[in-house]
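Engineer: Got a structure for you, written out below as structure tokens; questions coming shortly.
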Amino acid sequence: MPDTVQLSRRTLLKASAVAGGGFALAATFPVAARANAVSGPQDLNAFITIHPDNTVTIVGKNPEIGQGIKTMLPMLVAEELDADWDSVSVQQADTNAAKYGPQLAGGSFATPMNWIPMRQAGAAARSMLIAAAAQRWGVDAAGLATEPGRVVQPGTRRSATFGELASDAALMEVPDPAGLTLKDQADFRIIGRAIGGVDSPKVVRGEPIFGVDTQLEGMVYAAFERSPVFGAKLKSANLDAAKSQPGVIDAFTVAASPQVELVEGVAVIASNWWLANKARSALEPQWDNGQWASHSTAGYAEAARNAWATGNSDEVFSEKGDVDAAFASADKVLEAEYSYPFLAHVAMEPMNCTALMHEDGTMEMWAPSQTPQGGQQAVAGYLGLEPSQVTVHITRMGGGFGRRLNNDYMVQVAAIAKEMPGTPVQLIWSREDDVRSDYYRPAGWHKLRAALDADGKITGWADHFVTFDLGDGPFNPAAMPAQEFPAKYVDNLKFEQTKLETAVPMGALRAPTSNALAFVMQSFLDEVAHATGKDLPALMLELTDGVAPEPPTQGFVGPQPGFSAPRLQAVTRKVMDMSNWGQPVADGHALGFGFYFSHMGYFAEVVEASLDDRNNPLVHNVWAAGDVGSQIINPFGALNQVEGSIIDGIGQAIQLAVEIEGGAAKQSNFHNYPLPRMPMTPQIHVEWVLSDNAPTGLGEPALPPVIPALTNALFALTGKRVRSLPIDKSLFA
């Protein structure tokens with residue numbers, strides 16, 4: 001799988017663009033310029049600078065949103081470099097596709113994209129340091145080795161620090177990455193250590209490292225007024241009234257540009273953000289809401305019921321066998337309707353960005369973006385510039401969860417700053433802007449049917465899925481995979497869908513599509529298991545018993561293993577052991593199980609739940625068994641990601657929903673969109689099942705199974721099925 005994602009000398013730049021760990025030696029190795037450099041810091045490649053005092057600076061190329069990537073990727077480099085981690089500092093890269101390859105935070109791609117390339121970057125620099133020492137000492141490089149921060153000649157007392165060798169090393173021949181020998185896993189000193197985040201001390205001290213902390217001389221602040229109704233057009237606004245407000249510098253309209261996610265609105269500029277935001281109330285904007293003002297969540301749900309009632313769908317997108325015959329001959333047919341709501345991201349740091357249009361027409365930006373290269377392209381396209389004319393400094397983000405994959409706020413501030421050349425402008429969204437101007441996790445409705453024979457075997461499986469028509473983009477967060485589990489494990493299958501028109505913007509939210517489909521499929525499978533006298537783990541093991549792993553497929557990060565039934569079985573058995581599945585639990589408590597394969601990670605989870613005296617669900621314990629490959633790179637960061645995913649999932653299940661009324665989001669702030677808080681956080685127990693696969697990411701795969709594990713626990717406790725989210729406590733009255 002990602003072990004095949006490597007660098008080679010002949011395909012260096014191509015590999016950087018695809019694999020996301022660019023050596024970028026051509027861009028960072030001006031040998032002639034270094035020939036006279038005999039002192040001072042030495043850049044050995046795009047990621048490593050070695051200083052004379054033997055300290056090492058490693059570049060963190062990807063955006064940091066709290067997922068720990070600014071620590072983890074440099075750990076890979078430092079391991080193969082054989083650096084002393086205590087002497088390593090990490091520097092956040094600016095946006096530079098030619099130098100660093102893809103820079104993104106999303107899809108749990110960072111680990112599989114960079115597991116080999118980042119290690120190769122460190123190994124190449126180590127090889128050059130050894131070559132420099134061999135030349136200096138007049139010995140064969142094959143007889144030299146490294147210890148943390150130095151090159152040594154075993155059997156002698158001869159050694160030199162990396163800092164002493166760096167100037168010479170910078171002039172050594174660049175090794176062919178394909179010929180490098182990487183460390184054996186048993187020899188890792190840094191990979192596998194629990195290491196705290198490199199920015200954590202700064203965060204605790206409140207240092208200004210987030211996007212919203214950006215401060216530039218002469219900076220002004222912007223607020224952006226847009227229609228609450230999605231798809232509306234601006235008819236008029238009282239710009240003069242806004243300009244007359246205290247501290248206001250200017251107010252002007254901004255035209256829509258759908259190609260770059262820019263919506264129509266009014267920008268208000270002031271000497272501080274509070275004044276800019278307050279002055280919006282004087283605008284009294286009038287909007288043409290068009291057809292979209294009649295749209296609502298209730299209307300979408302009614303459309304789903306009508307589609308089911310007629311039996312008509314827009315398309316059948318997955319089919320095998322003879323489903324009609326399977327249901328006609330079934331001993332038992334189960335049928336259920338499941339639904340889930342729109343969800344907002346509500347990262348703790350609202351959307352913001354700072355932009356400076358220089359007098360020469362170039363743009364400079366300070367952007368908390370998960371896809372800064374995408375933002376750079378969008379801003380360049382909007383302004384009619386080349387991407388190289390848009391400089392994007394990557395700032396740390398106070399959360400993203402997929403929201404910052406969209407760069408609408410970057411284009412908004414670019415549209416404002418271009419009207420004020422020479423003046424830096426910081427755009428900040430209010431929390432209300434953030435909740436009501438999101439790219440929401442799509443809502444969805446499923447009518448499921450299962451045909452069972454006399455032995456309880458699933459002979460037919462059908463789903464009429466009602467979703468939204470979001471066009472033909474490269475990623476559709478409202479889609480369902482044609483092979484959604486258990487599609488491959490039943491003989492007769494039919495997946496069909498009806499698509500609804502909408503203007504509600506939708507996008508990826510942590511574990512996109514999986515965070516909804518796990519609830520639907522694992523809950524309905526639990527219904528099937530119960531109807532046949534089994535529990536869900538037994539059914540999952542039965543369905544996948546003796547099934548060989550599927551062959552590799554070509555994915556976004558290169559060849560990757562196909563779905564592995566043995567890995568499913570391993571995490572299922574592990575979590576059953578961890579939770580004492582099948583054993584009695586405390587009175588008034590019950591256990592529920594859920595499994596999901598998401599973003600190349602396998603997670604099985606068990607929830608212990610009860611109800612309080614008001615029928616509110618309480619989660620006491622969650623056991624999680626995960627298989628994300630052969631190595632947990634940073635156990636500290638890994639645990640944080642799993643715990644955060646589980647807490648997110650519990651919050652989504654219990655209390656989160658965005659409702660559309662009159663074409664707009666009804667929710668606006670934490671009073672009616674309550675994120676999970678400390679009192680509802682359970683004890684979380686995490687164990688790893690290591691497998692013979694290259695490591696993959698952990699930002700997302702632990703979230704999906706906790707939701708059906710909770711709802712299945714509530715069924716075991718009450719006999720009542722939760723088929724719609726968020727959980728309605730009146731169900732248990």
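Engineer: Express in nm, to one decimal, how much length is gained between VAL333 and ASP453 on full extension, taking 0.36 nm for each residue of separation and deducting their alpha carbon distance.
Structural biologist: Gain on stretching VAL333 to ASP453: 42.3 nm.
Engineer: Cα gyration tensor of segment 202-282, axes a ≥ b ≥ c as square roots of the eigenvalues: rounded (a/c below 1.5), prolate (a/b > b/c) or oblate?
Structural biologist: Since a/c reaches 1.5 but b/c is at least a/b, the shape of segment 202-282 is classed as oblate.
Engineer: When the helices in the chain are scored as -39500 (n - 2.57) per DSSP H run of 4 or longer and the sum is shared across all residues, what 222 nm value do you end up with, to the nearest 500 deg cm²/dmol?
Structural biologist: Value at 222 nm, helices only, nearest 500: -8500 deg cm²/dmol.
Engineer: Does segment 547-682 come out rounded, prolate or oblate by the C-alpha gyration tensor, with a ≥ b ≥ c the root eigenvalues, rounded set by a/c under 1.5 and, if not, prolate when a/b is larger than b/c and oblate if not?
Structural biologist: oblate
Engineer: Now for a separate question. Decide, for segment 205-251, between rounded, prolate and oblate: order the square roots of the alpha carbon gyration tensor eigenvalues as a ≥ b ≥ c, take rounded if a/c falls under 1.5, and otherwise choose prolate if a/b is larger than b/c, else oblate.
Structural biologist: oblate
Engineer: Give the carbon-plus-sulfur fraction of the accessible surface of the chain in %, rounded to a whole number; probe 1.4 Å, heavy atoms of protein chains only.
Structural biologist: 49
Engineer: Sort 411-423, 433-445, 115-127, 579-591 by packing, meaning the average of other beta carbons within 10 Å per residue, with the highest value first.
Structural biologist: My ranking of the peptides, most packed first, is 115-127, 433-445, 411-423, 579-591.
Engineer: How far apart, in nm, are the 7 Å Cα→Cβ label points at SER730 and ASP545?
Structural biologist: Taking the two extended label points, one gets 4.4 nm.
Engineer: Can you give the translational diffusion coefficient of the chain in µm²/s, computed by Stokes-Einstein from the Kirkwood radius over Cα pairs at 25 °C and 0.890 mPa s?
Structural biologist: It comes out at roughly 89 µm²/s.
Engineer: Report, ordered by chain and residue number, the lysines lying within cross-link reach of LYS99, taken as a straight Cα distance under 22 Å and ignoring same-chain residues fewer than 8 apart.
Structural biologist: Result set, ordered by chain and number: LYS14, LYS61, LYS70.
Engineer: Fully extended, how many nm does the chain gain between GLN291 and ALA303 (0.36 nm per residue separation, minus their Cα-Cα distance)?
Structural biologist: Extending this stretch completely gives an extra 2.7 nm.
Engineer: Moving on. Between ASN669 and LYS720, what FRET efficiency follows from the Cβ-Cβ distance if R0 is 30 Å, with the result rounded to 0.05?
Structural biologist: 0.45
Engineer: How many nm separate the modelled label positions at ARG205 and GLU419, each set 7 Å beyond the Cα in the direction of the Cβ?
Structural biologist: Placing both labels 7 Å along Cα→Cβ, they lie 4.0 nm apart.
Engineer: Working with all protein chains in place, sort MET678, MET357 by solvent-accessible area computed with a 1.4 Å probe, largest first.
Structural biologist: Sorted by accessible area, descending: MET678, MET357.
Engineer: Just the accessible area per residue of the chain, please: how many Å² with a 1.4 Å probe?
Structural biologist: Per-residue value: 39 Å².
Engineer: May I pose another question? Sort THR310, THR95 by heavy-atom solvent-accessible area, probe 1.4 angstrom, most to least.
Structural biologist: Ranked list, largest accessible area first: THR310, THR95.
Engineer: Now a separate question. In straight Cα distance, which lysines are under 26 Å from LYS235, not counting same-chain residues fewer than 8 positions off?
Structural biologist: By straight Cα distance, LYS235 reaches LYS243, LYS278, LYS418, LYS666.
Engineer: Between ALA531 and ARG193, what FRET efficiency follows from the Cβ-Cβ distance if R0 is 41 Å, with the result rounded to 0.05?
Structural biologist: After rounding to 0.05, the efficiency reads 0.30.
Engineer: Right, something else. Could you check what % of the DSSP bridge pairs in the chain are antiparallel, to the nearest 5?
Structural biologist: The antiparallel proportion sits near 75 percent.
Engineer: Ok, one more. Among 220-231, 143-154, what's the highest-first ranking by average C-beta atoms within 10 angstrom per residue?
Structural biologist: Top of the packing list down: 220-231, 143-154.
Engineer: Using +1 at the C-beta of Lys and Arg and -1 at the C-beta of Asp and Glu, which of MET348, GLN286, ALA131 has the Cα lying farthest in the positive direction of the dipole of the chain?
Structural biologist: Selected residue: ALA131.
Engineer: Tell me, what is the FRET efficiency for GLU147 and LYS233 to the nearest 0.05, using R0 = 56 angstrom and their Cβ-Cβ distance as r?
Structural biologist: 0.25
Engineer: For ASP526, what accessible area in Å² do you get when you roll a 1.4 Å probe over the heavy atoms of the protein chains, rounding to the nearest 10?
Structural biologist: 20
Engineer: Roughly what would the spin-label model give for SER257 and ASP240, points 7 Å off Cα along C-beta, in nm?
Structural biologist: Output for this residue pair reads 3.0 nm.
Engineer: Here's another thing I want to ask about it. Roughly how many debye, to the nearest 20, is the charge dipole of the chain about its Cα centre, given +1 on each Lys and Arg Cβ, -1 on each Asp and Glu Cβ, and no other charges?
Structural biologist: Rounded to the nearest 20 debye, it is 800 debye.
Engineer: On a C-alpha basis, how far is the centre of segment 148-197 from the centre of segment 495-519 in Å? Whole number, if you could?
Structural biologist: 47
Engineer: Mind checking which lysines have their C-alpha under 19 Å from LYS720, skipping anything on the same chain fewer than 8 residues away?
Structural biologist: Partners found: LYS447, LYS534, LYS729.
Engineer: Mind ranking 371-381, 615-625 by how tightly packed they are, going by the mean number of other C-beta atoms within 10 angstrom, highest first?
Structural biologist: Output ranking for 371-381, 615-625: 371-381, 615-625.
The values are calculated or read from the model by the stated rules, or taken from the named source; none is laboratory data. Being a predicted model, the structure only gives us computed values, none of them experimental. When we count neighbours, we look across all protein chains shown, and the Cβ atoms used for this are built from the backbone with ideal geometry, even at glycine. SASA here: full protein model, heavy atoms, side chains in, ligands and nucleic acids out. Shrake-Rupley method; radii C 1.70, N 1.55, O 1.52, S 1.80 Å.
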